[in-house]
Amino acid sequence: MIAAFFDSIPAMILLTGMLVGAAAALLGSFLVLRGNAMLTDAISHSIVFGVVVVWLLTQQLSGPVQLIGAALAGVLTVILTEALARSKLVKMDAAIGLVFPALFALGVLLISLFARDVHLHAESVLLGEIGFVWLNTVTLWGQRVPVAVATLGAVLAINLAFVLAFWKELKIASFDPGLAAALGFMPGALHYAILTLTSVTAVAAFDAVGVILFVAFVIVPPATAYLLTHRLWVMLVLAVALSMAACVSGYVLAQRWNVSIGGMMASMTGVWFVLALLLAPGRGLVAQALTRRSRRLDHDCRALVVHLFTHQGTPAMPEENTRRALTTHLGWSEPRACAAILRAHDRALIKRQDGLLTLRRKGVAEAETIFGRARTEEA
């Protein structure tokens, strides 16, 4: 059964995508919380420079040396970016836009000059091809396993071990770096550790899925999970689950429509984000629109109560305390007037009798409270 699983091409493609998604989402959650998500894009492009430099020095295209070299290139990107930002001459977004294109362009230039006859191309780093991961295998415990699966499995284990080992420190540093520093948790060191692991994960992923899919996994699922929960551990679980769901649905749709597998997986992360943006409880656009509508109705309901209270028992009451007066004297539209009357009626503030709106006892108390509060604020 195990041999059949590792011999299955669809299973290996899906497993590779899930490993990348889980490894990236674990680290990306902390980067999104700290507001450093776009550093991921900078790191993922600048590793081209690290890969080609290590090849020039060692003539090796894979292995632990490549991982270390590319990770150092990612850390170099962060150091240069933060140094520029600290100079106060440019802002952080501009610093990112200055550093990573320079390192990426330098890496492409070195490839053009010294690696024209080598299987090393900037496009393969950016795009990758997850559909071919099953071709490059290695023997582990007597079983042929795709190199990408073995590498990414090890990287996922390292990332998970790091998060579990430093959970308390990461949690405090993500929400309050000042408190973390006061407690001796070294938030700066944790920040660089996360970015170093992000660089390692990017290097492990680029040969299989490319930088674009990696960036999608490291940013979009955590950002989606952030809209759905206020608890950190739930956010991490949701981010990993969403990335895996994007892999499965992206692969199925790519097979059906005969399009890029990696591109479809990345697109599905965007689909989940759009759905969360619209439908997330509390934070979603629909929930916010309903909240604003409810607040407007509450405001109109209070205005209606004050209007009725002002004219109740006066000679103008038969004319003012009607629905028609709300549209002619207050300038409300007919639907707005009807909605305010229904809200006040549902809250037992008013009653209607022969077309006349009158306040109930609860409505009178509400109006007196509003007037009392207004007098207090004036005083």
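Computed quantities for the displayed model
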read-out	value
The stretch 213-239: number of residues that are crowded, with 24+ Cβ neighbours inside 10 Å, over 12 Å from the mean Cα position of the chain (by Cα) and not aromatic (Phe, Trp, Tyr)	1
Some residue of the stretch 235-256 being outside any helix (DSSP H, G or I) and either among the hydroxyl-bearing types (Ser, Thr, Tyr) or farther than 26 Å from Lys168 by Cα (or both)	no
Filter result for Ala208 (outside any helix (DSSP H, G or I), more than 17 Å from Arg34 (Cβ to Cβ) and either of a type in the set (A, V, I, L, M) or not assigned by TED's automatic domain parsing to the domain that holds Leu14 (or both))	yes
For Glu169: the one exception among (1) within 30 Å of Met1 (Cα to Cα); (2) surrounded by 16 or more Cβ atoms within 10 Å (Cβ to Cβ); (3) not hydrophobic (A, V, I, L, M, F, W, C)	(1)
Residue in the stretch 261-271 that is of a type in the set (Val, Ile, Thr), in the same structural domain as Pro10 (by TED's automatic domain parsing), under 23 Å from Thr151 (Cβ atoms) and assigned to a helix (DSSP H, G or I) present	no
Per-region count, the stretch 329-379, residues surrounded by 11 or more Cβ atoms within 10 Å (Cβ to Cβ), part of a helix (DSSP H, G or I) and without any contact (Cβ under 8 Å) to a residue 60 or more places away in the chain	18
First in the stretch 252-274 and crowded, with 21+ Cβ neighbours inside 10 Å, second anywhere and charged (D, E, K, R), Cβ under 8 Å, 6 or more apart	Gly262/Glu129
Residues located in the stretch 15-51, provided they are more than 19 Å from the chain's Cα centre (by Cα) and crowded, with 24+ Cβ neighbours inside 10 Å	Thr16, His45, Ser46, Ile47, Val48, Phe49, Gly50, Val51
Filtered residues of the stretch 52-84 (kept if crowded, with 17+ Cβ neighbours inside 10 Å and over 15 Å from Thr196 (Cα atoms))	Val52, Val53, Val54, Trp55, Leu84
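The values are calculated or read from the model by the stated rules, or taken from the named source; none is laboratory data. Every value quoted in this text rests on a predicted model; they were computed, and no experiment measured them. Cβ sites come from the backbone with ideal geometry, for glycine too, and all protein chains shown count toward neighbours.
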